[in-house]
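The values are calculated or read from the model by the stated rules, or taken from the named source; none is laboratory data. The model shown is predicted, which means the values in this text are computed figures rather than measured ones. Reconstructed Cβ throughout: ideal geometry from the backbone, glycine too, with neighbour counts over all protein chains shown.
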Amino acid sequence: MKRKRAFNLILFFLILFCSILPPLFPQTYADTDIISVEKTSQVIKKLQEMDLDLLMEWKGRIYIVLHHERDDPSKLEQSQIAYRVETSNFYPFNQKDISIQSGVNGDYHTYQELERDLVALEENYPHLVRLHDIGKSLEGRNIYALKISDNVSLDENEAEVLFIGCHHAREWISVEVPYLLGKYLVENYGSNPRVRDLVDHSQIWIVPLLNPDGLEYSVYFYRYWRKNRRYNGPGSYGVDINRNYDYMWGFDNEGSSPDTFSEVYRGPAPFSEPETQAIHDLFLQRKFQALISYHNYSQVILYPWGYTTEPSPKDALLSEMARNMSQLIRSESGRIYEFGAAGSQLYLTNGDTTDWALGIYDTPAFTIELPPIDELQGGFFNAEEDISTIFQENLPAALYLIEWSIQNYASEIPSPEKEADHKEKTTQTRTFKN
Ligand code: 0X9
Ligand code: ZN
């Protein structure tokens, strides 16, 4: 009897220990494995018929996320495809062997590296840059926003534009593009008359890393992590912050999920997460003419609506702006970014940034899904060498959006009704939130 009690006690502590342990160690994801297969045209052909979650291509092999509840590895065996289990390669210890050459995530920023570089930008260009802390993540990290403008410490009567990066943790390139945009603007202010003109006539806000907890988790623990790090209950972590905005939030279960384990879990309530609250609060203080939210991958430019396939009232304008941006990118690098309304072009989403910005504030808002086009070209895993090319090709589109905002602002006639309407809508949002 005594022995049994001792055994129960040991069992209790073992269970307790195991339930505390997962957040401290790389997540093994009992329900997923990463496998790789040799990349040959025969294998590609067979894979195309299999509806598997293709992750990346590297050194002549294709990497696949195997979801055990859905994917049966015997499918591969039946098709005579030899595979190798690679799950352990995705631990941070081996990460540098993958496509990253230096440091834990190479030329990509960790939270700390980004913080250091943002502080340095402000120190080096104090007349053009202010670093704002617009919120704290669940794990206490700062959510930073760079404001770039002449007379940067003043609130001027000028157009405002917003660029956001990294809603999704594993989308590392989406941090680099907005960060490099900020760096480019301040470093070229003195020498490039167009840049000077844009910076002088607008207030540019850049939030390069909206999901710092998620990014850190992706860098140090599990490269494939997407959501933030909200604890949802035993074994379940994370809210998809691009499903947490308060416009058509939870409209259906296709565009987002009520299931806490889902990759597109929308959270318990709109704006339940500090990251989305930070953007919400920034919108209450500023008046944005336009925004771009960077994601990857797919190489497309998307605009609302995402929650429905119906066109938004601003469809013609948004489509024209997206076409212009796509053309600018194409003339820069030759790469084609398709464009279209999010819900019809890609898939349905509800509670995303762009639907909310348009739905509540009437702000033209774009999701740019950065390269590559698909999993076979690398998926979420852009090489370090790609950072600069992807930034360079996106630069003309970002400058266009700033320019468009300045022109649109100048032609806007302030009307009392519009202001009242705007105030009413923002109060509605707040009421709903509380
Ligand atoms: O699903 C998302 O939040 C975005 N794609 S990602 O692969 N980066 O996660 C797309 C959001 C754009 N909206 C719609 N497709 N409706
Ligand atoms: Zn994304």
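Any residue in the range 232-245 that is under 27 Å from residue 127 (Cα atoms), in contact (Cβ under 8 Å) with a residue 60 or more places away in the chain, assigned to a loop (DSSP other than H, G, I, E, B) and in the same structural domain as residue 393 (by TED's automatic domain parsing)? Full working, then the answer.
Taking the range 232-245 as the starting set, the residues that turn out to be under 27 Å from residue 127 (Cα atoms) are none.
No, the range 232-245 contains no residue that is under 27 Å from residue 127 (Cα atoms), in contact (Cβ under 8 Å) with a residue 60 or more places away in the chain, assigned to a loop (DSSP other than H, G, I, E, B) and in the same structural domain as residue 393 (by TED's automatic domain parsing).
From 184, 179, 189, which residue is away from ligand 2 (no atom under 16 Å from the Cβ), at pLDDT 95 or above and surrounded by 23 or more Cβ atoms within 10 Å (Cβ to Cβ)? Break it down into steps so the answer makes sense when it comes.
Details: 184 fails: surrounded by 23 or more Cβ atoms within 10 Å (Cβ to Cβ); 189 fails: surrounded by 23 or more Cβ atoms within 10 Å (Cβ to Cβ).
Matching residue, one of 184, 179, 189: 179.
Would you confirm whether any residue within the range 210-224 is at pLDDT 95 or above, within 23 Å of residue 342 (Cα to Cα), crowded, with 23+ Cβ neighbours inside 10 Å and within 16 Å of ligand 1 (Cβ to nearest atom)? Checked the range 210-224: at least one residue is at pLDDT 95 or above, within 23 Å of residue 342 (Cα to Cα), crowded, with 23+ Cβ neighbours inside 10 Å and within 16 Å of ligand 1 (Cβ to nearest atom). When residue 175 is tested against (1) more than 16 Å from ligand 1 (Cβ to nearest atom); (2) touching a strand residue (DSSP E or B) at 6+ places or on another chain (Cβ under 6 Å), only condition (1) is not met. Taken together, the residues in the range 40-53 that are crowded, with 16+ Cβ neighbours inside 10 Å and assigned to a loop (DSSP other than H, G, I, E, B) amount to 1.
Would you point out the residue of the range 281-294, among those that are outside any strand (DSSP E or B) and touching a helix residue (DSSP H, G or I) at 6+ places or on another chain (Cβ under 7 Å), that is nearest to ligand 2 (Cβ to nearest atom)? First the steps, then the outcome.
Looking only at the range 281-294, we keep the residues that are outside any strand (DSSP E or B), and these are 281-287.
Subset that is touching a helix residue (DSSP H, G or I) at 6+ places or on another chain (Cβ under 7 Å): 283-284.
Working: 283: 20, 284: 24 Å.
If we take residues in the range 281-294 being outside any strand (DSSP E or B) and touching a helix residue (DSSP H, G or I) at 6+ places or on another chain (Cβ under 7 Å), then 283 is nearest to ligand 2 (Cβ to nearest atom).
Of all residues in the range 295-340, those being within 16 Å of ligand 2 (Cβ to nearest atom) and either under 15 Å from residue 400 (Cβ atoms) or part of a helix (DSSP H, G or I) (or both) number 3.
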